[in-house]
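No value in this document is a laboratory result; all are computed from the given coordinates. Computed from a predicted model, the values in this text were never measured in an experiment.
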Amino acid sequence: MISMSEPASERNYSKPPGIRLLEYIKKSPLSYKTHQAIVLIVTFLAYASYHAARKTTSVVKSTLDPESSDVSLKFFPWRMTYLSEPAEGRRLSRILGDGWAPFNGSDGTALLGEVDLGFLAVYAIGMYFSGHLGDRTNLRIFLTIGMVGAGVFTSLFGIGYWANIHTFYYFLGVQMLAGLFQSTGWPSVVAVVGNWFGKKKRGLIMGIWNAHTSVGNITGSLVASALLKYGWGWSFVVPGLIIATVGVLVFLFLPVSPDSVGAEEDELDSPKKCGPAGVTEPLLEPEVKVKESAVGFLEAWKIPGVAPFALCLFFSKLVAYTFLYWLPFYISHTAIDGKYLSSEASGNLSTLFDVGGVLGGILAGHISDRLDARAITAASFMYCAIPALFFYRSYGHVSMAVNIALMFITGMFVNGPYALITTAVSADLGTHSSLRGNSRALATVTAIIDGTGSVGAAIGPLLTGYISAKSWSGVFTMLMVAALIAGLLLTRLVVAEVGAKIEESRSRSALRSQPTVIDV
């Protein structure tokens, strides 16, 4: 029975219309596992559509600004391979059109970086408020509003193509509003998934589930690239319509929590089981009849581990989002085996970074589950990302095969810790033992960690817009330094986990060395 003192928002959730329809067709209530499957599928599609809409800007960049400054191509201190190629050949192979004012001027890359900053700055700020609201409202309605709003403003950016709009502040304003609505997504989907799945194998489950980020990026790249030939406006309008449509799907089918649909779990599969052999740090404990209140912002920051992982994600997302927003542009402006690729081909090639990211997220989740060491896993991946970034910049131009292999490896190490921290780590910390079973911290903690990371995500693309005008090698140096700092920020947690492993090993050795007493 649910305590009468619980907030109304927890008691009065009604079953989504789609769930009621499925139960009417089946003529019986859906099982707990069926609800879990629906949650994974719907939230996967939801956040994949968020990233598909977010990715389009990076693909269209080289169409809006088809030329970069000569300095960015000539200044290549790490390797001087292609300086002998005639400048005319480089220019003609890269120009796809006249671009789109105001982004086709000499300051085009800087303006594009400022548009990215506007989106991501509002996204980061909005994330904090979204987490606060998410723990206090119906997440299904909240997520639907965010997705439909994001779809509207993503489409409005593309409408500038047919409306012949060339005002920088129109594109900046539309992107900022799109960022505000996009900020509703991550705290909401993590909180919903956290409500349905316990800590056991959470890293692996969420590592696989987090493939939605890369699937969304790949889908966004392929859709936007395919539509460029019909006019760059379609590259925004179609992803905008997709995310709005999936938002309607969320409204119809997403069950926010077991209590909201009256689902009862199996004892064997219960993520909330607290028996002698059960989970010692359950995700939720609805059987504890206590009055739960949403955890405050400052209180959430004090949860052990939140600050280090949030700051680590700041630098991790700085790296990941620089690739998200600038990789197709970088590819189209870098000769591979002496040839420059078109915007469409660059967008398609960039998807291999996200394919590597899918594998990286799954590996990081699985390894962290097996080792029971989130910090060690995340830090190790960040350190491995440093040589991967160096080799991709230094040798990615040698041939298409080398570029593909190095891009895949870089995506694996860059996205692995990013995926781990934003999913399993956020869910772990949002249900930390210090909260005494309070389930109403998931969205807030997730928002703090990912919101802090999103500040880095805003800074990375902005700096890239300015640094790339002088040297792409400077951009990669920035990314390697950021990866190093991200790993170092977890040092204290890594030391603690290593110490715990050593102590655990000693305890096991001591138990094995004790003589066995046989009763006669």
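In order along segment 455-469, the phi-based Karplus estimate (6.51 cos²θ - 1.76 cosθ + 1.60, θ = phi - 60°) of 3J(HN,Hα) comes to 5, x, 4, 6, 6, x, x, 5, 4, 4, x, 8, 5, 5, 5 Hz; Gly and Pro are listed as x.
Once Rh is set to the Kirkwood radius over Cα pairs, what Stokes-Einstein translational diffusion coefficient, in µm²/s, holds for segment 94-167 at a temperature of 25 °C and a viscosity of 0.890 mPa s? Walk me through the numbers on the way to the answer.
Details: Rh = 14.9 Å.
After rounding, the answer is 164 µm²/s.
Computed over the Cα atoms of segment 293-502, what is the convex hull's projected area averaged over all directions, in nm²?
Numbers: hull surface 47.9 nm².
Projected area, direction-averaged: 12.0 nm².
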